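The values are calculated or read from the model by the stated rules, or taken from the named source; none is laboratory data. Values in this document were obtained by computation on a predicted structure and should not be read as measured data. Here Cβ is always computed from backbone atoms with ideal geometry, including for glycine, and neighbour counts include all displayed protein chains.
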Amino acid sequence: MKRILETEEAGLTRAWVIHPDIKDVKARRLASYALAEAVSLADALPGLEVAGSEVVPLPKVKAGTLFGTGKIAELKTRFHDAEVELVLIDGPVSPVQQRNLEKEWGVKILDRTGLILEIFSDRAATREGVLQVELAALSYQRTRLVRAWTHLERQRGGLGFVGGPGETQIEADRRAIDDAIVRIRRQLEKTVKTRELHRAARAKIPYPVVALVGYTNAGKSTLFNRLTGADVLVKDMLFATLDPTMRSVELPDGLEVIMSDTVGFISDLPTQLVAAFRATLEEVLSADLILHVRDISHSESEGQARDVRQIMADLGVDKDVPVLEVWNKCDQLDEDMLLSASNKADRNDALFLTSAVTGAGVDDLLDAVSTLLRAGSVTEVLDLGYADGKARAWLFGQEVVDSEEQTETGFKITVTWNATQKGQFEKL
């Protein structure tokens, strides 16, 4: 996908953000929040200068133009006066609507999916991340070919068995995109195999996996850095982290775990990206414990939490995997809100009030992680033959051996291990 900003010669692109409010008046507060999030998305994309933003009430969606003629004329004047070059519409915009609005307003149009794709394209750092973005962008672009070639579509020849130049051009473009999609999928298959090898290598040292999930900009990466000593990019910006990062961490009681930081979730995540980035969230799907990090200082924290839970369900996260809620950014709460949040945390063993910036509450969280992971441990007695030296060495390497007794045929070993370690031992 050719990035919209690459078409600008120099300087910042002046943008205007619109949130079409197609709900009733009671939802206006939610619309205001949605607009603020859309502006944050725009701020997250380098090269943009947000010249203005507004909620546009939309009693009825117009099939060809989205908005009514009067609102289109009103907005056209506003965009002209503000010297706007790009309009970001926080919602789905059909190819026909996009073409008509661009013609009416004389500006470029980008809908919510296109904007998030732009951000992901700018941020993806790993080879797989770049390929996943390209795949999602091509899938998105394929549905919008009509935008560039509508003026030729009516030039059909003969009885319709042979397409005219417009149809030919569209089909040629579609074939080119389809070929590119096939090529990228083949490349992705190679990267997936590489990742599987890495996962297999980690499985030989089967530490429990603890995955951090949460709404974008909830403070996951800041918390991840504090827990692991890593230097993942931390910025007050949506989608500051795209590519998953993993680190081995030794908890205070000596238990070693693998901590995984993941891409932040967001409401109305484009379908193409849910599918494309499912592979990068594999660590969440295979996690032994999930830390759901919330920005408790955010006015829509509860709504964001619902979105995260829904996306985890859509991804197929096992409902039996334990989840701890981490109410982060408590340092940004006023005294009354902090007292209320503390009371709720005191009454809920699965809820922790933290500040990744100051470190408040982090020790209690780590203790709970250790307790929860060790709670799944069981003690068992294994009989190993003298020929099972590799398996015996593995057990000692995992530090799960409580005692060992030599027998006539080999060794009787008492171990205390978790389900992950037991599963890996059985595969040896």
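From the list VAL96, VAL133, the one residue that fits, being within 23 Å of ILE266 (Cα to Cα) and part of a helix (DSSP H, G or I), is VAL133. Taken as a whole, the condition of being buried (at least 17 other Cβ atoms within 10 Å of the Cβ), of a type in the set (Val, Ile, Thr) and closer than 18 Å to LEU289 by Cβ applies to THR354. Residues in the stretch 400-417 that are in contact with a strand residue (DSSP E or B) (Cβ under 9 Å, 6 or more places away or on another chain) and without any contact (Cβ under 8 Å) to a residue 24 or more places away in the chain were compared, and the one that is nearest to PRO252 (Cα to Cα) is VAL400. The residue that is modelled with the lowest pLDDT, among those in the stretch 18-46 that are surrounded by fewer than 17 Cβ atoms within 10 Å (Cβ to Cβ) and of a type in the set (A, V, I, L, M, F, W, C), is VAL25. Going residue by residue through the stretch 66-81, is there one that turns out to be under 14 Å from LEU110 (Cα atoms) and either in contact (Cβ under 8 Å) with a residue 24 or more places away in the chain or crowded, with 18+ Cβ neighbours inside 10 Å (or both)? The answer is yes, given that some residue of the stretch 66-81 is under 14 Å from LEU110 (Cα atoms) and either in contact (Cβ under 8 Å) with a residue 24 or more places away in the chain or crowded, with 18+ Cβ neighbours inside 10 Å (or both).
The rows are residues; the columns are (1) among the charged types (D, E, K, R); (2) touching a Leu at 6+ places or on another chain (Cβ under 8 Å).
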| residue | (1), (2) |
| --- | --- |
| ALA42 | no, yes |
| GLU49 | yes, yes |
| PRO57 | no, no |
| LYS62 | yes, no |
| VAL87 | no, yes |
| VAL130 | no, no |
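Quick check: anything in the stretch 341-349 under 20 Å from GLU300 (Cβ atoms) and surrounded by fewer than 19 Cβ atoms within 10 Å (Cβ to Cβ)? Yes. Residue count for the stretch 410-422 under the criterion of being assigned to a strand (DSSP E or B) and among the aliphatic types (A, V, I, L, M): the result is 2. Restricted to the stretch 282-390, the set of helices (runs of 4 or more DSSP H) holding at least 1 residues that are in contact (Cβ under 8 Å) with a residue 60 or more places away in the chain and assigned by TED's automatic domain parsing to the domain that holds LEU269 comprises 282-285, 301-315, 362-375.
If you go through the stretch 247-263 and pick out every residue that is over 15 Å from LEU365 (Cα atoms) and buried (at least 20 other Cβ atoms within 10 Å of the Cβ), you end up with 5. Return yes when GLU118 is assigned to a helix (DSSP H, G or I) and buried (at least 20 other Cβ atoms within 10 Å of the Cβ) and no when it is not. Judged against the criteria, GLU118 is a match.
Counting residues in the stretch 167-184 that are modelled with pLDDT under 65, more than 25 Å from the chain's Cα centre (by Cα) and not assigned by TED's automatic domain parsing to the domain that holds SER248 gives one or more.
Give me the residue from the stretch 97-111 that is touching a helix residue (DSSP H, G or I) at 6+ places or on another chain (Cβ under 7 Å) and touching a residue at least 24 places away in the same chain (Cβ under 8 Å) and, out of that set, surrounded by the most Cβ atoms within 10 Å (Cβ to Cβ). So, considering only residues that are touching a helix residue (DSSP H, G or I) at 6+ places or on another chain (Cβ under 7 Å) and touching a residue at least 24 places away in the same chain (Cβ under 8 Å), the one surrounded by the most Cβ atoms within 10 Å (Cβ to Cβ) is LEU110. The condition (being under 21 Å from LEU255 (Cβ atoms), free of Cβ contacts under 8 Å to residues at least 12 places away in the same chain and assigned to a helix (DSSP H, G or I)) is satisfied by just one residue among PHE425, PHE396: PHE396.
Consider GLU49 carefully, then state whether it is on the phi > 0 side of the Ramachandran plot and not in a helix (DSSP H, G or I).
On the way: on the phi > 0 side of the Ramachandran plot: no; not in a helix (DSSP H, G or I): yes.
Judged against the criteria, GLU49 is not a match.
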